[in-house]
Amino acid sequence: MKKRKGFYSWVTALLLISIIVSGCGNAGDGKTGTASPGTGGGEEDKKVEILLGYYSSDSSDAKMKELIEQFEEKHPNITVKTQSAPYGQFYQKLDTQIAAGQAPDVWLSDGVYVMKYAQRGAAKDLTDWIAKDLKADEYYGLDFNKDAGGRYWGVPQGIQVGVLFYNKELFDKAGVAYPTDEWTWEDLKASAAKLTVDASGKTAEDSGFDAASVNQFGLTFFSITEGWFSVMKSYGGGALDEKAENSIINSPENKQAFEWMVDGMQRGIITDPVDLKSFQSNTAVFPSGSAAMRIGIYARVQAANEAGLNYDVTLLPKGPDGKRVSPVIANSWVINQKSSDEKAEAAWEWIKYWATEDDVQKQWTELGEAVPVKKSVAESEVFLKAGEQPANRQAFLDSLEFAQTLDNNAVWEEWVGKFNENAERAFLGDATVDQALSEADAAVQAVLDDFYKK
């Protein structure tokens with residue numbers, strides 16, 4: 001505010017000072033009585049510096065830096081310093097920083113870790129800010145960061161949702177019809193048997209087929225996200241209850257789902273843990289042309305395209321009662337609970353910039369890394385026509401209608417590890433399905449009790 005000329009009395013001067021003190025805190029965003037950082041509020045000269053952390057990759061680093069520069073141009077009072085490292089190193093360092101009270105002001109969280117940070121007191125509750133500044137019906141995935149009490153702990157940066165990938169060339173060669181939206185898991189297995197080929201060229205349907213020497217699998221399958229989660233859920237089972245504090249693993253529904261999976265592995269139709277070890281990585285089976293189908297998240301599009309596969313995607317199959325479930329991970333921006341109010345507000349400006357600006361969403365979408373969170377971009381040609389393959393990108397958006405997060409909680413890594421140990425025993429025939437589920441149930445519950453019952 002410019003100083004006026006011609007004040008003739010100290011009374012008038014005091015009156016002006018009073019007006020300045022009470023009135024210059026104008027709303028920077030037109031919605032509240034406090035100015036948002038860097039938006040031309042009442043403290044134009046005040047600078048704020050925040051530390052932004054994210055896991056880096058060769059394909060995305062340059063674009064992330066560009067977006068940060070664009071943000072600083074729009075918010076001249078906010079300076080963004082960055083901290084990045086490859087995925088594993090980033091989260092290992094982050095855990096150490098959180099324990100020491102030195103974490104970034106805002107960081108990119110893998111979607112499965114958001115509740116870990118929330119329930120361990122590291123993440124700031126964003127419920128009020130989201131309600132004030134974001135219109136829920138304009139976004140995909142906001143609720144994926146909502147806890148059982150209705151509080152929000154992050155805002156999606158990009159979404160990974162599971163669909164069924166299929167190699168059209170292998171289907172055509174075998175004379176098998178492409179998957180449809182009406183497929184059940186039994187339909188998938190029946191077609192997968194025709195697409196499974198051993199070293200002698202016999203399929204899993206042929207007499208003399210050798211399940212120990214498979215050259216081409218019908219379905220590649222691994223992990224919670226791109227393996228057992230969607231099968232168990234669509235069969236009516238699951239791992240944890242609604243609060244993600246108690247195991248529900250040892251159930252008739254999960255037994256049925258496991259029997260489906262174990263049967264497929266024993267017949268050589270689905271990759272088992274031993275099969276996967278013969279590949280460079282668990283994710284390499286489908287791009288290498290060694291599997292006709294896979295359960296895959298959106299990020300797997302990049303590898304399939306780089307491999308030059310002739311492929312497409314469709315919805316994951318239904319369970320026996322018609323239920324369909326896709327696994328989903330909403331990688332999200334999280335704000336440090338211990339950051340000062342000033343830094344937290346500046347960090348929120350970054351999150352708003354990312355989520356609300358169509359141009360930002362479009363630039364990130366062009367990398368092909370994730371499904372965009374803003375519907376106006378996700379439902380446009382920027383995403384749906386981003387490349388010739390897969391042609392049916394709409395399947396990723398349709399799958400969000402029945403997507404479920406992976407029972408995320410404060411001890412997600414720990415309980416998933418215990419589950420996988422026991423599931424692998426069943427997959428390899430070292431334990432019966434009943435034994436594996438019973439022992440997994442007990443081991444997972446012990447992990448949960450150790451955290452939630454204290």
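The values are calculated or read from the model by the stated rules, or taken from the named source; none is laboratory data. All values reported here derive from a predicted model rather than from experimental measurement. FYI the Cβ positions are ideal-geometry reconstructions off the backbone, even for glycines, and counts take in every protein chain you see. Heavy atoms of the whole protein, side chains included, go into the accessibility calculation; ligands, DNA and RNA do not. Shrake-Rupley method; radii C 1.70, N 1.55, O 1.52, S 1.80 Å.
Among what's in the range 414-432 and is in contact (Cβ under 8 Å) with a residue 40 or more places away in the chain and surrounded by fewer than 18 Cβ atoms within 10 Å (Cβ to Cβ), pick the residue that is farthest from Ile297 (Cα to Cα). This residue is Gly429. The residue pairs whose first member lies in the range 81-106 and is under 17 Å from Lys338 (Cα atoms), whose second member is open to solvent by 70 Å² or more (accessible area, probe 1.4 Å), and whose beta carbons are closer than 6 Å, counting only pairs six or more residues apart or on different chains, are Gly101/Lys338. Restricting Val313, Val373 to residues that are under 28 Å from Ala123 (Cβ atoms) and either in contact (Cβ under 8 Å) with a residue 60 or more places away in the chain or open to solvent by 50 Å² or more (accessible area, probe 1.4 Å) (or both) narrows the list to Val373. Is at least one residue of the range 90-104 out of contact with any His (no Cβ under 8 Å at 6 or more places or on another chain), outside the structural domain of Ala299 (by the TED database) and in a strand (DSSP E or B)? No, the range 90-104 contains no residue that is out of contact with any His (no Cβ under 8 Å at 6 or more places or on another chain), outside the structural domain of Ala299 (by the TED database) and in a strand (DSSP E or B). Taking the range 376-412 as the range and being touching a residue at least 24 places away in the same chain (Cβ under 8 Å) and among the acidic types (Asp, Glu) as the test, the residues that pass are Asp398, Asp407.
The residue list Leu437, Leu406, Leu448, Leu367 contains one member that is part of a helix (DSSP H, G or I) and under 25 Å from the mean Cα position of the chain (by Cα), which is Leu448.
In this structure, does Glu388 turn out to be open to solvent by 20 Å² or more (accessible area, probe 1.4 Å), in a loop (DSSP other than H, G, I, E, B), farther than 30 Å from Pro76 by Cα and not small (Gly, Ala, Ser)? Taking the combined requirement at face value, the residue satisfies it.
Is it the case, given these coordinates, that Gln83 is open to solvent by less than 70 Å² (accessible area, probe 1.4 Å), outside any loop (DSSP other than H, G, I, E, B) and of a type in the set (S, T, N, Q)? It is true that Gln83 is open to solvent by less than 70 Å² (accessible area, probe 1.4 Å), outside any loop (DSSP other than H, G, I, E, B) and of a type in the set (S, T, N, Q). Counting the residues of the range 247-278 that are more than 13 Å from Ala423 (Cβ to Cβ), open to solvent by 50 Å² or more (accessible area, probe 1.4 Å) and part of a loop (DSSP other than H, G, I, E, B) gives 4.
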